[in-house]
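Trainee: Submitted below is the structure of interest, expressed as structure tokens.
The values are calculated or read from the model by the stated rules, or taken from the named source; none is laboratory data. Quick caveat, the model's predicted, so the values are computed rather than measured. Virtual Cβ from ideal backbone geometry, glycine too; neighbours counted across all protein chains shown.
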Amino acid sequence: MIRTEILIIGSGPGGALTAARLAEAGREVMVLEEGDWVEVGEYEPFSLEQMAAQYRSAGQTVALGRPPIIYTEGRGAGGGSEVNSGLYHRPDPELLGDWARRFAIRDLSERDIAEHAREIEKTLSIGTVPGDVTPASSVIERGAATLGWAAREVPRWMVYRDKADAADGERQTMTRTYLPRAREAGASILTGVRVDRLVKRGRRIVEVRATKRHPDGYPEPVRIRAEHVFVCAGAIQTPALLQRSGVRKNVGRTLAVHPMVKAVARFDDAVNVPSDVPVHQVKEFAPHISIGGSASGPGLLGLALAPEWARFAEVTADWERSSLYYAATRTEGRGHINALPLLRDPLVTYRLTRADGKMLVHAMMRMVHLLFAAGARQVYPSINGAVELHTAADLTELGLRLKPRDLNLMTVHLCSGVPMGEDRARAGTDSFGRVHGFDNLRVNDSSLLPEAPGLNPQGTIMAIASRNCAAFLAGTR
Amino acid sequence: MRALPERAVAGFTDALIAERFPFLDADQRESTARFVVDRWRVASQPVQLGTGAVASVLGATAWGLAALGGSDPDDAWRTVVQRLSDRMLPGYSELSLFVVSLATAYAADHWPGAAAGFTVAAPGSAAR
């Protein structure tokens, strides 16, 4: 039996920050991470090899629904921060105020969050590109300028040397920032350990049962006792673990994501940088629609055209002049996470409303409009029965017959698996992440957000996690 | 010895790739199919169970055809895939999309120009 004061399950942005904060405050901290520790740069960013090594189920995860939504979760030390685009938005004060009112969340004003956000921005070296952005990013800027739409460069957690261009930055992921800090402050970080369930007695978690995976495949049972348990395994795995442990009230019933539609655009000149993503986003329709650029290696371009790749084979043959773009939306609809007996992975479903479907079609139209305004020669929306558009006029025809069920949807932003708030009828935890009905069980990751925020959420997730750590350390919770 | 669903997914994948990716040579098709089955093996369990169940039903059909007609199992798989290729059957659509998406990602990544110059017939019919 292993004993520790504080056990943190998961080492993504929420878990890594929690580990650093609590260890630096002199607490005894142990972090359990299911995946491996992979150094930044070991895999080509956004490659199929990276997907296999650092994504849960190698990226083969889907929320069932009509249409289904493919989602991806990071797996390994650092979680999603190791594989995402690194785009940072400071928590939106208006949104925080709105959440505080609508979901009865205490101490969630800009004043409560600002100091935490500033510390995170400093640690992660948040900044804009000192040199040139990628050509694929300029496309967004140019299209928006032509249409008179608001667009801006989104800062990233990236260190740039001198006047480096966008693709030459060094990502400041959790394995480069908060996890080393936690370790330096005395935290122990165990990788390759999957938590199977939490054992509860009354209002307390009295034991954590896990399995250590050895290199030869041998599964070693591990039992841990901790005074406090923080579950930080992400918006899907956190509720799944709680459900497996018999904690079900308002757990896994309100998953919120930003479904994305995608399109490939082809230009006269080279635009593609496979190892990087564009940093510009169109904010004209925020927070309902946000338009930006995706990783665009030939495999990802082909994937966006599947199952019609062979019809548009010139796109990948000539991949340097093509790039992939997305329009992300907020939804009224919500998803469910269901941990099923005997299964390792939960069943995830997502129900889009009619209004969500219309919004997604509208988002696709806006994005295609932007790409033609930026000078695209052809645009290929990622839909079933893909089409090639040559002019903005083709868009009108597409808009008339495009149905939500035709859209190929995916998402990388997963939130709200165990929402916070004082309203026990709706929230899974209190305003600071303590699970309702428990004294020593807390959630501190993207699960807490009551909604998907309409922007890249990592900054908001980390700022709220930092605030919760401060509340925990102050002994108020 | 591979389990039944995995063998069925492998058989289906070989046949579907042969039909949809005729521009790949035999080695390319083989490594693409291997990639798809490897990814299926690590897919989330609901995805694995759903697609594995559908593939197993199709596999039983293919093996039945082979046994009754005395044909080669690979030919039987091809017959099943060709018969179903333009049908939107529940489960089948998801399975074929799973295989084609993964195969496309892999093939486009490794041989981005492989399909260029290839004339594609109407969706659902065999490409020439």
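Trainee: Residues of region B:12-33 being within 14 Å of chain A (Cβ to nearest Cβ) and over 11 Å from the mean Cα position of the chain (by Cα), which ones?
Mentor: Answer for region B:12-33, where residues must be within 14 Å of chain A (Cβ to nearest Cβ) and over 11 Å from the mean Cα position of the chain (by Cα): B:P22, B:F23, B:L24, B:Q28, B:S31.
Trainee: Follow-up question, since we're still on this one. Considering (1) away from chain B (no Cβ under 13 Å); (2) in contact with a Leu (Cβ under 7 Å, 6 or more places away or on another chain), say which one A:F267 fails and leave the rest.
Mentor: The failed condition is (2).
Trainee: Examine region A:161-176 for a residue that is free of Cβ contacts under 8 Å to residues at least 40 places away in the same chain, of a type in the set (S, T, N, Q) and more than 18 Å from A:C232 (Cβ to Cβ), and state whether such a residue exists. Give the steps one after another, and end with the answer.
Mentor: Step one: filter region A:161-176 for residues free of Cβ contacts under 8 Å to residues at least 40 places away in the same chain, giving A:161-165, A:168.
Those still in the list that are of a type in the set (S, T, N, Q) too: none.
The answer is no, given that none of the residues of region A:161-176 is free of Cβ contacts under 8 Å to residues at least 40 places away in the same chain, of a type in the set (S, T, N, Q) and more than 18 Å from A:C232 (Cβ to Cβ).
Trainee: Would you please name the residue that is surrounded by the fewest Cβ atoms within 10 Å (Cβ to Cβ), looking only at residues in region A:300-354 that are under 18 Å from A:M410 (Cβ atoms) and β-branched (V, I, T)?
Mentor: So the residue we want is A:T349.
Trainee: Kindly establish whether B:W40 is modelled with pLDDT of 95 or more, closer than 18 Å to B:A103 by Cβ and in contact with a helix residue (DSSP H, G or I) (Cβ under 9 Å, 6 or more places away or on another chain).
Mentor: Values: modelled with pLDDT of 95 or more: yes; closer than 18 Å to B:A103 by Cβ: yes; in contact with a helix residue (DSSP H, G or I) (Cβ under 9 Å, 6 or more places away or on another chain): yes.
Criteria met by B:W40.
Trainee: Another question about this same structure. Could you go through region A:45-56 and let me know if any residue there is within 14 Å of chain B (Cβ to nearest Cβ), crowded, with 21+ Cβ neighbours inside 10 Å and either over 30 Å from A:G299 (Cβ atoms) or among the charged types (D, E, K, R) (or both).
Mentor: Yes, region A:45-56 contains a residue that is within 14 Å of chain B (Cβ to nearest Cβ), crowded, with 21+ Cβ neighbours inside 10 Å and either over 30 Å from A:G299 (Cβ atoms) or among the charged types (D, E, K, R) (or both).
Trainee: Let me ask you something else. When you go through B:R128, B:R78, B:R87, B:R83 one by one, which is the residue that is over 29 Å from B:S56 (Cβ atoms) and either more than 8 Å from chain A (Cβ to nearest Cβ) or modelled with pLDDT of 85 or more (or both)?
Mentor: Details: B:R78 fails: over 29 Å from B:S56 (Cβ atoms); B:R87 fails: over 29 Å from B:S56 (Cβ atoms); B:R83 fails: over 29 Å from B:S56 (Cβ atoms).
One residue alone meets the criteria, B:R128.
Trainee: Taking A:R442 as the residue in question, decide whether it is among the basic types (K, R), surrounded by fewer than 24 Cβ atoms within 10 Å (Cβ to Cβ) and in contact (Cβ under 8 Å) with a residue 40 or more places away in the chain.
Mentor: Working: among the basic types (K, R): yes; surrounded by fewer than 24 Cβ atoms within 10 Å (Cβ to Cβ): no; in contact (Cβ under 8 Å) with a residue 40 or more places away in the chain: yes.
Against the criterion (among the basic types (K, R), surrounded by fewer than 24 Cβ atoms within 10 Å (Cβ to Cβ) and in contact (Cβ under 8 Å) with a residue 40 or more places away in the chain), A:R442 does not qualify.
Trainee: Output the number of residues of region A:297-345 satisfying the condition of being within 11 Å of another protein chain (Cβ to nearest Cβ), assigned to a helix (DSSP H, G or I) and under 19 Å from A:V379 (Cβ atoms).
Mentor: Residues meeting the conditions: 17.
Trainee: Output the qualifying pairs, or none if there are none: Cβ atoms under 6 angstrom, residues six or more apart or on different chains, first residue in region B:39-68 and at the interface with chain A (Cβ under 9 Å from one of its Cβ atoms) and within 13 Å of B:R7 (Cβ to Cβ), second residue of a type outside the set (F, W, Y) and crowded, with 17+ Cβ neighbours inside 10 Å.
Mentor: B:W40/B:V9
Trainee: Looking at A:I2, A:I69, A:I6, can you tell me which residue is within 18 Å of the chain's Cα centre (by Cα) and among the hydrophobic types (A, V, I, L, M, F, W, C)?
Mentor: On the way: A:I2 fails: within 18 Å of the chain's Cα centre (by Cα); A:I6 fails: within 18 Å of the chain's Cα centre (by Cα).
One residue alone meets the criteria, A:I69.
For every residue, the table says whether it meets (1) surrounded by fewer than 20 Cβ atoms within 10 Å (Cβ to Cβ); (2) modelled with pLDDT of 95 or more; (3) among the basic types (K, R); (4) touching a strand residue (DSSP E or B) at 6+ places or on another chain (Cβ under 6 Å).
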residue: A:A210; (1), (2), (3), (4): no, yes, no, yes
residue: A:E227; (1), (2), (3), (4): yes, yes, no, yes
residue: A:F230; (1), (2), (3), (4): no, yes, no, yes
residue: A:L242; (1), (2), (3), (4): no, yes, no, no
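Trainee: Please specify each residue of region A:346-385 satisfying the condition of being within 14 Å of chain B (Cβ to nearest Cβ) and touching a strand residue (DSSP E or B) at 6+ places or on another chain (Cβ under 6 Å). Write out each step before concluding.
Mentor: Step one: list which residues in region A:346-385 are within 14 Å of chain B (Cβ to nearest Cβ), which gives A:346-350, A:380, A:382-385.
Residues satisfying the conditions are A:P346, A:L347, A:V348, A:T349, A:Y350, A:Y380, A:S382, A:I383.
Trainee: In region A:420-434, which residues are crowded, with 18+ Cβ neighbours inside 10 Å and within 17 Å of A:D107 (Cα to Cα)? Working first, answer last.
Mentor: Quick first cut of region A:420-434, residues crowded, with 18+ Cβ neighbours inside 10 Å only: A:420-421, A:427-434.
Scanning region A:420-434 gives A:M420, A:G421, A:A427, A:T429, A:D430, A:S431, A:F432, A:G433, A:R434.
Trainee: Same structure, new question: Looking only at region B:108-124, which residues are at the interface with chain A (Cβ under 7 Å from one of its Cβ atoms) and modelled with pLDDT of 90 or more?
Mentor: Step one: list which residues in region B:108-124 are at the interface with chain A (Cβ under 7 Å from one of its Cβ atoms), which gives B:108-109, B:112-113, B:115-116, B:118, B:120, B:123.
Selection gives B:A108, B:D109, B:P112, B:G113.
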